[in-house]
Amino acid sequence: MAPNKIDHIGIAVIDLELAKAFYAGSLGLSVEHEETLGDMKIAFIPVGEVNLELIQCTSDNGVIAKFIAKKGEGIHHIAYAVEDVSSALEALRAQGVKLVDEAPRKGAHGTEVAFVHPKSAFGVLTELVSGGRKEQGA
Ligand code: ZN
């Protein structure tokens, strides 16, 4: 049930267009997918097997807006690909790991996701993700 790779790195940004101009423009990467999820505008930029997930919050009191207000723009979370989010959560809960999500929820790109609390992950908000993406449109 261990993660088999880092799926993406979530980066909180104030202005998605400016962030895309740097990552897709200056760094020479390409945006593969964009979507709006609740109050978040998200752009996925693949770098080999790992994606950058640029996230802009469109409301003032969303989690990303609060994060930026407190810590500024930057790395928000690291997401690990797992086979099944529910059983990964179950295994972590059984070990007393502090969770943000008690059950999987719908993530970007048709995925299932759940977050592990940074207090249990040495200061890193940790996301578990499964499904979606490559299966999409298949
Ligand atoms: Zn994420």
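Which of the following residues is open to solvent by 30 Å² or more (accessible area, probe 1.4 Å) and under 13 Å from the mean Cα position of the chain (by Cα): Leu52, Leu37?
None of the others qualify; the one that does is Leu37.
Take Leu29 and tell me if it is touching a helix residue (DSSP H, G or I) at 6+ places or on another chain (Cβ under 6 Å), over 26 Å from Val85 (Cα atoms), more than 13 Å from the ligand (Cβ to nearest atom) and not in a strand (DSSP E or B).
Considered against the rule, which asks whether it is touching a helix residue (DSSP H, G or I) at 6+ places or on another chain (Cβ under 6 Å), over 26 Å from Val85 (Cα atoms), more than 13 Å from the ligand (Cβ to nearest atom) and not in a strand (DSSP E or B), Leu29 comes out as yes.
Take the conditions out of contact with any Leu (no Cβ under 9 Å at 6 or more places or on another chain) and in a strand (DSSP E or B) and apply them to Ile6. Does it pass?
Answer is yes for this residue.
Looking at the range 32-53, which of the residues that are small (Gly, Ala, Ser) and out of contact with any helix residue (DSSP H, G or I) (no Cβ under 9 Å at 6 or more places or on another chain) is farthest from Glu90 (Cα to Cα)?
Selected residue: Gly48.
Go through the residues of the range 63-75 one by one and say whether even a single one is in contact with a strand residue (DSSP E or B) (Cβ under 8 Å, 6 or more places away or on another chain), in contact (Cβ under 8 Å) with a residue 24 or more places away in the chain, within 16 Å of the ligand (Cβ to nearest atom) and in a strand (DSSP E or B).
Scanning the range 63-75, I find at least one residue that is in contact with a strand residue (DSSP E or B) (Cβ under 8 Å, 6 or more places away or on another chain), in contact (Cβ under 8 Å) with a residue 24 or more places away in the chain, within 16 Å of the ligand (Cβ to nearest atom) and in a strand (DSSP E or B), so the answer is yes.
Can you name the residue in the range 60-86 that is of a type outside the set (A, V, I, L, M, F, W, C) and loosely packed, with under 12 Cβ neighbours inside 10 Å and is also farthest from Glu32 (Cα to Cα) among such residues?
So the first thing to find is which residues in the range 60-86 are of a type outside the set (A, V, I, L, M, F, W, C), and the list is 60-62, 66, 70-74, 76-77, 80, 83-84, 86.
Then drop every residue that is not loosely packed, with under 12 Cβ neighbours inside 10 Å, which leaves 60-61, 70-72, 74.
On the way: Asp60: 27, Asn61: 28, Lys70: 29, Lys71: 28, Gly72: 25, Gly74: 20 Å.
Among residues in the range 60-86 that are of a type outside the set (A, V, I, L, M, F, W, C) and loosely packed, with under 12 Cβ neighbours inside 10 Å, the one farthest from Glu32 (Cα to Cα) is Lys70.
Of all residues being out of contact with any helix residue (DSSP H, G or I) (no Cβ under 8 Å at 6 or more places or on another chain) and either among the basic types (Lys, Arg) or not in a loop (DSSP other than H, G, I, E, B) (or both) in the range 93-119, which is least open to solvent (accessible area, probe 1.4 Å)? Just the residue, please.
Selected residue: Ala108.
The values are calculated or read from the model by the stated rules, or taken from the named source; none is laboratory data. Predicted, not measured: the structure shown is a model, and the values here were computed from it. No Cβ is skipped: glycine too gets one built from the backbone with ideal geometry, and neighbour counts run over all protein chains shown. Note: accessible area is taken over every heavy atom of the protein model, side chains too, but ligands, DNA and RNA are not part of it. Shrake-Rupley method; radii C 1.70, N 1.55, O 1.52, S 1.80 Å.
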